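The values are calculated or read from the model by the stated rules, or taken from the named source; none is laboratory data. Owing to the predicted nature of the structure, the values given are computational and were not obtained by experimental measurement. Here the Cβ positions follow ideal geometry from the backbone for every residue, glycine too, while neighbour counts run over all protein chains shown. To get the accessible areas, we keep the full protein, side chains included, count just its heavy atoms, and leave off ligands, DNA and RNA. Shrake-Rupley method; radii C 1.70, N 1.55, O 1.52, S 1.80 Å.
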Amino acid sequence: MSVTILGIESSCDDTSAAVIRDEVLLSNVIASQAIHEAYGGVVPELASRAHQQNIIPVVAEAIKRAGIHKNELDAIAFTRGPGLLGSLLVGSSFTKGLALSLDVPMIEVNHLQAHVMAHFIKENPEEKNQPAFPFLCLLVSGGNSQIIKVSAPDRMEVIGQTIDDAAGEAFDKCAKVMGLGYPGGPIVDKLADQGNPKAFVFSKPHIAGYDYSFSGLKTSFLYTLRDHLKDDPDFIEKNKADLCASLQTTIIDILMEKLRKAAKDMQIKEIALAGGVSANSGLRKAFSEHAERYGWNIFIPKFAFTTDNAAMVAISGYYKYQKKEFCPIDAIPFSRVVI
């Protein structure tokens, strides 16, 4: 018998709703919030207000595009955390009201695990390009940098993670000091394509195991700008592309070095990429090069599933529904957690 899941995502500044039926995506609607660009980052209070405005029309549009009636839903999956608490409260509160009105169960979803599960979304029933268990997933976003060993949809182990800043945060903050705007990651990626990745050398951390650190890289980048600006006030403008290319290459080198080590130590060649930074062209190229060099079987998400979206929440909910892992109506969201 078919199972139809509505997914709701509201962890940060994107309001999203999606409908999945038996692993196949029927709709995925995302409303982004441009208001944060003026502030150089997400303003939590503004984000939660925008979610309140967006959530009803977004859910209605997702159900409409899916070509179903709301009474056909078997369950509603929602992001319980981690994320911005105000934003999560909007999504969880709406889920509770809708689930009660339809008399269907709620399914809580971990936002980070949902990014990993995005690899199991099918856009048509014939799709079979999914990683085999166990696999390693490099999860890279503005707030997280993790290497996760995935043994099953409900068995994920973080074997390495950042001890300070995330890779996406390094991209954004370095872009900000160069005056490139927000979000900085996509801008750096675009400019890097025009620059020399060996023009500047930035420090790389020496962290044991599979953990990451990007605070030292940010400091090194800042000092490089400071020292050169003393001699040339136009240094950034003259070297913008080379700075971006060198920064991007350094971040990718740091990420891939630990991933290579983990893959070798665990003798796993099924390797996936996930999270917002998985849209970065340099990182995608590095994955392809490693696949050719080390015999990895790689899985890179479609661009539509790199940023925060409800399709990944819905597919996570679908797998939980199979095991009847439902959520009590009094569940409250959480802002921080590890897998």
### Query
With point charges of +1 on the Cβ of Lys and Arg and -1 on the Cβ of Asp and Glu, referenced to the Cα centre of region 92-201, which listed residue (A170, F200, L98) lies farthest in the positive direction of the dipole?
F200
### Task
Return the long-range amide H neighbours of T162 (sequence gap of 5 or more, or a different chain), with a cut-off of under 5 Å between placed amide H atoms.
S145, Y212
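If DNA, RNA and ligands are ignored and the probe is 1.4 Å, what is the ranking of H111, H206 by accessible area, most exposed first? Don't jump to the answer; show the numbers that get you there.
Details: H111 15, H206 180 Å².
Accessible-area ranking of H111, H206, largest first: H206, H111.
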### Query
Rounded to the nearest 10 Å², what accessible area does T307 show when all protein chains are kept and the probe is 1.4 Å?
70 Å²
### Degrees between helix 235-266 axis and first principal axis of the chain (Cα, 0 to 90, nearest 10)
60 degrees
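With a/c under 1.5 counting as rounded, go ahead and sort region 55-165 into rounded, prolate or oblate using the C-alpha gyration tensor (a ≥ b ≥ c being the square roots of the eigenvalues; past the cut-off, prolate if a/b is larger than b/c, else oblate).
Values: a/c = 2.30, a/b = 1.43, b/c = 1.61.
Since a/c reaches 1.5 but b/c is at least a/b, the shape of region 55-165 is classed as oblate.
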### Summary
Sorted largest first, the C-alpha extents of region 79-235 along its principal axes in whole angstrom are 68, 35, 33
### Message
Using the Karplus curve 6.51 cos²θ - 1.76 cosθ + 1.60 with θ = phi - 60°, what ³J(HN,Hα) values do you get for each residue of region 271-286, in whole Hz, with x for Gly and Pro?
### Response
10, 10, 10, 7, x, x, 6, 5, 7, 5, 5, x, 5, 5, 5, 4
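Give the calculated FRET efficiency between D164 and K323 to the nearest 0.05, with a Förster radius of 41 Å applied to their Cβ-Cβ distance. Walk me through the numbers before you get to the answer.
Values: r = 36 Å, r/R0 = 0.87.
With R0 = 41 Å, the Cβ-Cβ based efficiency is 0.70.
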### Query
Can you list the residues of region 289-323 with backbone N under 12 Å from a point 7 Å past the Cα of S32, pointing along Cα to Cβ?
304, 306-308
### Task
Report the accessible area of C174, computed with a 1.4 Å probe over the heavy atoms of all protein chains in place, in Å² rounded to the nearest 10.
0 Å²
### Query
If you line up the long axis of helix 44-66 against the longest principal axis of the chain, both from Cα atoms, how many degrees apart are they, to the nearest 10?
50 degrees
### Task
Determine the alpha carbon to alpha carbon distance for each of K198/K285; K218/K264; K190/K230; K128/K324 and list only those over 20 Å.
K218/K264; K190/K230; K128/K324
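Using 0.36 nm per residue, how much length does the chain from D234 to L89 gain when fully extended, once their Cα-Cα distance is taken away?
Numbers: separation 145, 0.36 × 145 = 52.20 nm, distance 4.55 nm.
The D234-L89 span can extend by a further 47.7 nm.
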### Query
A77's amide H: which non-local residues (gap 5+, or another chain) put their own amide H closer than 5 Å, with H modeled 1.01 Å from N in plane and none for Pro or chain starts?
L6, G7, I8, I107
## Note on the structure
In debye to the nearest 20, the charge dipole size for the chain, taken about the Cα centre with +1 at each Lys and Arg Cβ and -1 at each Asp and Glu Cβ, equals 420 debye
### Summary
Between the Cα axis of helix 310-322 and the main Cα principal axis of the chain, the angle (0 to 90°, nearest 10) is 50 degrees
### DSSP-loop trypsin sites (Lys or Arg not before Pro) across region 156-242, with at most 13 other Cβ within 10 angstrom
K198
